[in-house]
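Have a look at the structure below before the remarks.
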Amino acid sequence: MSEAEVRQILSGWIIAASAWTFVLFGFDKWRARRGGGRVAEASLFWASALGGWPGGLLGILVFRHKSAKGSFQLKFAAAFFIWAALVYAAVRLM
């Protein structure tokens with residue numbers, strides 16, 4: 001697999017995962033306002049860690065959701081670094 005193909009796959013993955021993560025953050029905020037069942041914080045974390053961190057960051061900013069919760073912010077930062085480490089490892093293996 002060429003470097004260009006890997007980049008294309010990674011780009012597609014990040015876009016899809018980010019869109020899904022953004023929707024999760026929005027849905028969780030919507031449910032929080034209405035007192036319904038919430039999206040598990042672990043689901044928000046793993047969606048972010050598996051490539052959706054740009055969408056998660058956008059969700060935090062747009063919906064102002066999880067922005068004041070320091071423990072989640074720390075987990076979100078960890079999700080970013082997990083993803084960055086995975087991408088770095090993938091690039092190094094090429």
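Going by the structure shown, is LEU44 aliphatic (A, V, I, L, M), touching a residue at least 12 places away in the same chain (Cβ under 8 Å) and surrounded by 13 or more Cβ atoms within 10 Å (Cβ to Cβ)? So LEU44 passes the test.
Is it the case that ALA68 is out of contact with any Cys (no Cβ under 9 Å at 6 or more places or on another chain), assigned to a loop (DSSP other than H, G, I, E, B), aliphatic (A, V, I, L, M) and at pLDDT below 90? Judged against the criteria, ALA68 is a match.
In the stretch 8-22, of all residues being of a type outside the set (Val, Ile, Thr) and surrounded by 13 or more Cβ atoms within 10 Å (Cβ to Cβ), the one that is modelled with the lowest pLDDT corresponds to LEU10.
The values are calculated or read from the model by the stated rules, or taken from the named source; none is laboratory data. Just so we're clear, the structure is a prediction, and the values are computed from it rather than from any experiment. Reconstructed Cβ throughout: ideal geometry from the backbone, glycine too, with neighbour counts over all protein chains shown.
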